[in-house]
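The structure appears right after this line, and notes come after that.
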Amino acid sequence: MNLIVSAIGQGFLWGLLGLGLFLSFRIMNTTDMTVEGTFPLGAAVSVSLIVQGTNPFLATLAAFVAGALAGLVTALLITKGKIPSLLAGILTMTGIYSIDLMVMGKSNVSLLGKKTIYSLAFLQKLPQYFDSVVAGTILMVLVTCDLIWFLSTDFGQAFIATGDNPQMAKSQGISPQQMTVAGLMISNGLVGLCGAVVAQNNGYADVNMGMGTIVIALASIIISEVVFRNLGLASRLFAVSLDSIIYRLLLLAVLQVGLSSNNLNLISSLVLAACMMLPQVEEKLRLKQTFMKGFKHD
């Protein structure tokens, strides 16, 4: 039971990562590899500040800002440097690795004995692992509601229009470059925020903790599209967060079979590949059933 509760809590926390990538990958139609570096950057900034005595909530906010600045760098490489988005993200991600080492001073920093956002009195009174469930639920609801509000504003609608059709948006007086900058900053800010809350939940920050994060985020997005279809934007945003829980439970189920935790990245890739292929498999099965019905009718 504790394992299931822990997986649900982790799902809520990691759901922020899925929301961040959803903005760039689905709404902006941009392949942004920056998230592989932004996640550990948020963790490094928040943990380092907490160790130095900063209020954990301010440290968490600083992680969002750090992530947004990383997104700004990628956006400027794309809009001003005319570098393809995939390469721009890889360049930023690579540079962030050195920044993480400078921020932390070493490859790993522990939060042992330090107060975090999970040190609040009401969270401490909860049963084991329920603190991450409650904190994750609160964060998920607040962030998702804020995103829904943002995307319903004129600026948010311009942001969506740019992702749908940049040329049409430009003809309506919208600056695609400004939308790209804003979108990547918000997206990577959320990823940095996710890195901060996950690091505080784990009790440490590690320079390599961002490895494979883009696969985890994509899994949340793809699973939400496979499990919950024909949803509106607001419902889709909530589905991305909730399906991060489904993804965590799938990993837990696989690990319970007896596979080593060292194979998590491989398992994540296989789960994502299976989810992405499922619509094509269903389509082929549907066509086959239609063909067989027609054959029997003849």
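Exactly one residue out of 160, 148, 223, 216 is in a helix (DSSP H, G or I) and in contact with an Asp or Glu (Cβ under 8 Å, 6 or more places away or on another chain), and it is 223. Checking the stretch 214-237 against the condition returns a match, with at least one residue being open to solvent by 10 Å² or more (accessible area, probe 1.4 Å), within 23 Å of residue 2 (Cβ to Cβ) and touching a residue at least 40 places away in the same chain (Cβ under 8 Å).
Would you tally the residues in the stretch 29-61 being more than 15 Å from the chain's Cα centre (by Cα), over 18 Å from residue 113 (Cβ atoms) and either touching a residue at least 60 places away in the same chain (Cβ under 8 Å) or open to solvent by less than 10 Å² (accessible area, probe 1.4 Å) (or both)?
Final tally of qualifying residues: 5.
Is it fair to say residue 81 is within 19 Å of residue 205 (Cβ to Cβ) and either out of contact with any strand residue (DSSP E or B) (no Cβ under 6 Å at 6 or more places or on another chain) or without any contact (Cβ under 8 Å) to a residue 12 or more places away in the chain (or both)? Criteria not met by residue 81. Would you say residue 259 is at pLDDT below 70 and outside any helix (DSSP H, G or I)? Answer is yes for this residue.
Looking at the structure I just gave you, is residue 85 open to solvent by less than 10 Å² (accessible area, probe 1.4 Å) and out of contact with any Pro (no Cβ under 9 Å at 6 or more places or on another chain)?
The answer is no for residue 85.
Within the option set 184, 190, 91, being open to solvent by 60 Å² or more (accessible area, probe 1.4 Å) and either assigned to a helix (DSSP H, G or I) or touching a residue at least 12 places away in the same chain (Cβ under 8 Å) (or both) holds for one residue only, 91.
The residue list 79, 54, 38 contains one member that is of a type in the set (Val, Ile, Thr) and out of contact with any helix residue (DSSP H, G or I) (no Cβ under 6 Å at 6 or more places or on another chain), which is 54.
Only a single item in (1) β-branched (Val, Ile, Thr); (2) within 20 Å of the chain's Cα centre (by Cα); (3) surrounded by 18 or more Cβ atoms within 10 Å (Cβ to Cβ) is not met by residue 141, and it is number (3).
Which residues, taken from the stretch 113-138, are under 30 Å from residue 180 (Cα atoms) and open to solvent by less than 70 Å² (accessible area, probe 1.4 Å)?
Answer for the stretch 113-138, where residues must be under 30 Å from residue 180 (Cα atoms) and open to solvent by less than 70 Å² (accessible area, probe 1.4 Å): 136, 137.
As for the stretch 5-26, it holds no residue that is in contact with a Gly (Cβ under 8 Å, 6 or more places away or on another chain), surrounded by fewer than 24 Cβ atoms within 10 Å (Cβ to Cβ) and on the phi > 0 side of the Ramachandran plot. Residue count for the stretch 94-106, restricted to those that are open to solvent by 60 Å² or more (accessible area, probe 1.4 Å) and either touching a His at 6+ places or on another chain (Cβ under 7 Å) or touching a residue at least 60 places away in the same chain (Cβ under 8 Å) (or both): 2.
The values are calculated or read from the model by the stated rules, or taken from the named source; none is laboratory data. Because the structure is predicted, anything quoted here is derived from the model rather than measured. Please note: Cβ atoms are built from the backbone with ideal geometry, for glycine as well, and neighbour counts cover all protein chains shown. Note: accessible area is taken over every heavy atom of the protein model, side chains too, but ligands, DNA and RNA are not part of it. Shrake-Rupley method; radii C 1.70, N 1.55, O 1.52, S 1.80 Å.
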